[in-house]
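A short worksheet on the structure shown next.
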Amino acid sequence: MTYFCTLASGSAGNSAFYFDGRRRVLIDAGKNVRYLSSQLRWLGTGVEELDYVLITHSHSDHVSALPVLMKHSRAVLVCSCDTYAAVAAKLPPDPPRILFAPGETLNLGDCLVRTFATLHDAMGSCGYVVGAGRESVAFCTDTGTVTGEMFSAIRGSRAVVLEFNHDETLLKNGPYPYPLKLRILSDRGHLSNAFAGRVAAALCRDGTETLVLAHLSAENNRPALALEAATAALERAELRADIRLAPRDGMCDPVFF
Ligand SMILES: [Zn+2]
Ligand SMILES: [Zn+2]
């Protein structure tokens, strides 16, 4: 039995859990260890049982729990060389680790992990496709756009965790300072609902069955707007999918393969 679920999603912390029956994999370690432990307990496991911790990039909403986690876990840290360079000073010395350049494919035990570069304002940021072929889930958040290279890495995954960060109108009319608005809207920022909706439709045309809408901004988005964008894009393309929202402070329903 293989499943995954998000444990937290948004600018206050991101994490997801993947289990293929043998390997326990955490994708990102935002929030704190107490939070992650309580979520993992619901799933019948704990931080001490993790085999691998995959990190997408060095922003604190993805790594804030990492220093303590690496003290209490025997897990192997998996991240890009640039991400490791950015976080190493906060970690226990010489942690067990696998470093890579985004674009490489890794074999973690028997678990295949494809990595792909994202466009974001953090050196070495990347996304992951965890699992092989159709039985895989792609994690694609914290990116200003989706390049052809990224799309070809993700396409064909049965499930995709995709960033629906903001509604452009809410962001433009909202309280953020102008330079921050520009950063979020840039192609090294975050995906808008409208853009992510178009990506979602293209993915579902290529066989994706489950979409988890992730990393919604608390200020510049509403769950209903993200859902509406995804649903409308699929309807326009005459496609269907199981669409779920990743809660900010809690698990999404586990997705089973
Ligand atoms: Zn983030
Ligand atoms: Zn980020």
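The values are calculated or read from the model by the stated rules, or taken from the named source; none is laboratory data. All values derive from a computational prediction rather than experimental measurement. Cβ sites come from the backbone with ideal geometry, for glycine too, and all protein chains shown count toward neighbours. Accessible surface areas use protein heavy atoms only, side chains included; no ligands, DNA or RNA. Shrake-Rupley method; radii C 1.70, N 1.55, O 1.52, S 1.80 Å.
Take the alpha carbon atoms of segment 1-63, find their center, do the same for segment 197-257, and report the distance between the two centers in whole angstrom. That distance is 20 Å. For segment 122-254, the share of DSSP beta bridges that are antiparallel, to the nearest 5, is 20%. Extension gain, SER60 to THR145, is 28.5 nm, computed as 0.36 nm per intervening residue step minus the present C-alpha separation.
Mean residue ellipticity, 222 nm, helices only, the chain: the sum of -39500 (n - 2.57) across DSSP H runs of n ≥ 4, divided by residue count and rounded to 500, is -8000 deg cm²/dmol.
Spacing of the modelled spin labels on ARG34 and ARG183, each 7 Å from Cα toward Cβ, amounts to 2.9 nm.
Placing pseudo-labels 7 Å out from each Cα toward the beta carbon at HIS72 and ALA12 gives an inter-label distance of 2.0 nm.
Two-decimal Rg/Rh of segment 114-210 from alpha-carbon positions, Kirkwood Rh? Don't skip to the end; give the middle numbers.
On the way: Rg = 13.8 Å, Rh = 13.7 Å.
For segment 114-210, the value is 1.01.
Note that the chain presents 42 Å² accessible area per residue, ligands and nucleic acids not counted, probe 1.4 Å. Pairs of lysine residues in segment 3-250 that meet both criteria, 8 or more places apart or on different chains and Cα atoms under 28 Å apart, total 6.
Taking all protein chains as shown and a probe of 1.4 angstrom, GLU209 keeps an accessible surface of around 90 Å². Between the beta carbons of ASP242 and SER152, assuming R0 = 30 Å, the FRET efficiency works out to 0.85 to the nearest 0.05. To the nearest 10, the accessible area of ARG134 is 100 Å² with a 1.4 Å probe. Maximal additional length on extending the ALA101-ASP249 stretch stands at 50.2 nm, based on 0.36 nm per residue less the C-alpha distance. For GluC sites (Glu not before Pro), the sites in segment 135-165 that DSSP calls loop and that have at most 15 other Cβ atoms within 10 Å are GLU135.
Here r is the Cβ-Cβ distance between PHE256 and GLU48 and R0 is 41 Å; the resulting FRET efficiency, rounded to 0.05, is 0.95.
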